[in-house]
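**Q** What follows is a structure written as structure tokens; I'll ask about it next.
The values are calculated or read from the model by the stated rules, or taken from the named source; none is laboratory data. Given the structure is predicted, the values throughout are model-derived calculations rather than measurements. No Cβ is skipped: glycine too gets one built from the backbone with ideal geometry, and neighbour counts run over all protein chains shown. SASA here: full protein model, heavy atoms, side chains in, ligands and nucleic acids out. Shrake-Rupley method; radii C 1.70, N 1.55, O 1.52, S 1.80 Å.
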Amino acid sequence: MKMVLLGPPGAGKGTHAKVLKEKYDLAHLATGDILRRHIKQGTGLGVKARSTIEKGELVSDILVNEMMFSEIAAIPREKGFILDGYPRTLGQAEALEEFLKKEQNPLDLVLNFETSEKVIIDRLSGRRVNPSTGRVYHIRNMPPRREGICDDSGEALIQRKDDAPETVRHRLKVYTDETSPLIDFYQKRGLLQNIPGDFDVPELQPIIVKLFEKLSLIS
Ligand code: AP5
């Protein structure tokens, strides 16, 4: 199963990707997580990407495409994958299509999380993450057992810099301008499936599983 998760910031792409990855033994490539890893490690790419990400802008297509092609190429052929947060511009979508065509490894579907702005603002203002592992919590919807502390490692949780209200508003505008045209792009290719991103995780997961069954991606 090879899929793209499309949707605005805070739609729940990362949260659902982690569940699907475990359930179906898929590789999970999240561009935001990979870029944040580069920043933490101080690689050349990380240095170039840091201020762009903190401002809520998009990293250039050339850098992101190059990074993602090498990540995808490293996945064993028999294993499916989830692309979370990639592609995010028409340029990236066209480049990915070309790359997968050459690899003879086309996408099976694109899950589009339709999510309202009110829900997005609530989710992002309440999101807390483990800065080392990237594990995601929400202060009300998915709280850690001890407030502010990661259940796995005992580390202090942080709020992402780009989850500041001003930056979230800017990320939403960037999504509308740059990423939402991909809905039409993938609809024309017959790959797009809309799902209700406002639903809670336990409500939405069975809907996704039913969709996989309907598309004969699982039996
Ligand atoms: P990235 O890290 O990908 O951020 P994003 O797309 O803005 O997505 P988020 O991580 O904010 O949201 P999500 O949908 O994964 O939500 P989550 O599951 O965490 O990218 C960051 C930056 O990197 C970009 O701004 C850009 O600069 C750069 N970048 C990345 N990809 C790029 C690309 N392709 N090209 C160029 N630049 C790129 O959920 C959010 C919160 O809600 C959590 O607290 C969670 O617990 C809670 N929650 C989630 N789902 C539910 C639910 N169903 N019910 C209740 N609570 C929920």
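**Q** Leaving ligands, DNA and RNA out of it, report the carbon-plus-sulfur percent of the accessible area of the range 12-120 at a 1.4 Å probe.
**A** Details: 2800 of 5490 Å².
Answer for the range 12-120 is 51 percent, counting heavy atoms of protein chains only.
**Q** Provide the per-residue ³J(HN,Hα) series for the range 148-157, in order, calculated from phi with Karplus coefficients 6.51, -1.76, 1.60 and θ = phi - 60°, each as a whole number of Hz, with x at glycine and proline positions.
**A** x, 10, 5, 4, 6, 10, x, 6, 6, 7
**Q** Please list, or write none, the aspartates and glutamates whose alpha carbon is within less than 13 Å of the alpha carbon of Lys173, excluding same-chain residues fewer than 8 places away.
**A** Once the sequence-local aspartates and glutamates are set aside, what remains near Lys173 is Glu57, Glu117.
**Q** Lys161: which aspartates and glutamates have alpha carbons under 12 Å from its alpha carbon, excluding same-chain residues fewer than 8 sequence positions away?
**A** Cross-link targets: Glu54.
**Q** Would you please classify the overall shape of the range 140-219 from the alpha carbon gyration tensor, given that a ≥ b ≥ c denote the square roots of the eigenvalues, rounded means a/c under 1.5, and beyond that prolate means a/b larger than b/c while oblate covers the rest?
**A** It is oblate, given that a/c is not under 1.5 and a/b is not larger than b/c.
**Q** Mean 1/r over all different Cα pairs, inverted: what Kirkwood radius does the range 28-120 give, in Å?
**A** Value: 14.5 Å, from the Cα pair sum.
**Q** Here's a follow-up. Which semi-axis lengths, in whole Å and largest first, follow from the square roots of five times the eigenvalues of the Cα gyration tensor of the range 1-54?
**A** On the way: eigenvalues 121, 35, 14 Å².
Working through the eigenvalues yields semi-axes of 25, 13, 8 Å.
**Q** Now a separate question. Using only the Cα atoms, what convex hull volume per residue in Å³ does the range 175-219 have?
**A** Values: hull volume 3.7 nm³, N = 45.
Cα convex hull per residue, to the nearest whole number: 81 Å³.
**Q** Another one. Which order do the peptides 87-96, 11-20, 139-148 come out in when sorted by mean C-beta neighbours inside 10 angstrom, highest first? Show your work: numbers first, answer last.
**A** Values: 87-96: 19.0, 11-20: 20.8, 139-148: 12.3.
In decreasing order of mean packing, 87-96, 11-20, 139-148 become 11-20, 87-96, 139-148.
**Q** Right, here's the next one. Given a cut-off of 28 Å, name the pairs among Lys79/Lys210; Lys13/Lys210; Lys55/Lys102 whose C-alpha atoms lie farther apart than that in the structure shown.
**A** Details: Lys79/Lys210 21 Å; Lys13/Lys210 18 Å; Lys55/Lys102 35 Å.
Checking Cα-Cα distances, Lys55/Lys102 exceed 28 Å.
**Q** Still on this structure, please answer the following. Which far-off residues, 5 or more places away or on another chain, put their amide H under 5 Å from the one on Asp151, with H placed in the peptide plane?
**A** Residues meeting the criterion, in which the H sits 1.01 Å from N, are Arg145.
**Q** How big is the Rg/Rh ratio for the chain, C-alpha atoms only, Rh by Kirkwood, two decimals? Could you put the intermediate results ahead of the total?
**A** Working: Rg = 16.8 Å, Rh = 17.9 Å.
Checking Rg against Rh, the ratio lands at 0.94.
**Q** Could you compute the net charge surrounding Arg171? Neighbours are other residues with a C-beta less than 14 Å from the C-beta of Arg171; K and R count +1, D and E count -1. It would help to have the intermediate numbers written out before the result.
**A** Details: positive: Lys13, Lys55, Arg88, Arg123, Arg127, Arg160, Lys161, Arg169, Lys173; negative: Glu54, Glu57, Glu117, Asp162, Asp163, Glu166, Asp177, Glu178.
Counting the neighbours of Arg171, the net charge comes to +1.
**Q** OK, next. Using a 1.4 angstrom probe on the protein heavy atoms only, could you order Ile195, Ile183 from most to least accessible area? List each step's numbers first, then the result.
**A** On the way: Ile195 5, Ile183 45 Å².
Output order, biggest surface exposure first: Ile183, Ile195.
**Q** How much length, in nm to one decimal, is gained on full extension between Lys55 and Val119, taken as 0.36 nm per residue of separation minus their Cα-Cα distance? If you can, show how the numbers build up before the last one.
**A** On the way: separation 64, 0.36 × 64 = 23.04 nm, distance 2.15 nm.
Going from the current span to full extension adds 20.9 nm.
**Q** To continue, here is another question. If you take the Cα atoms of the range 130-176, find Rg, then find the Kirkwood Rh from the mean of 1/r over all pairs, what is Rg/Rh?
**A** Values: Rg = 12.7 Å, Rh = 11.9 Å.
Dividing the radius of gyration by the Kirkwood radius yields 1.07.
**Q** Could you list which residues have their amide H under 5 Å from that of Lys2, counting only those 5 or more apart in sequence or on another chain, with H placed in the peptide plane?
**A** Phe81, Asp108, Leu109
**Q** Of the DSSP beta bridges with both residues in the chain, give the percent that are antiparallel, rounding to the nearest 5.
**A** 25
**Q** Continuing with this model, one more query. For the range 90-180, what is Rg from Cα atoms divided by 2.2 N^0.38 Å, rounded to two decimals?
**A** Working: Rg = 17.2 Å, N = 91, 2.2 N^0.38 = 12.2 Å.
Output field value: 1.41.
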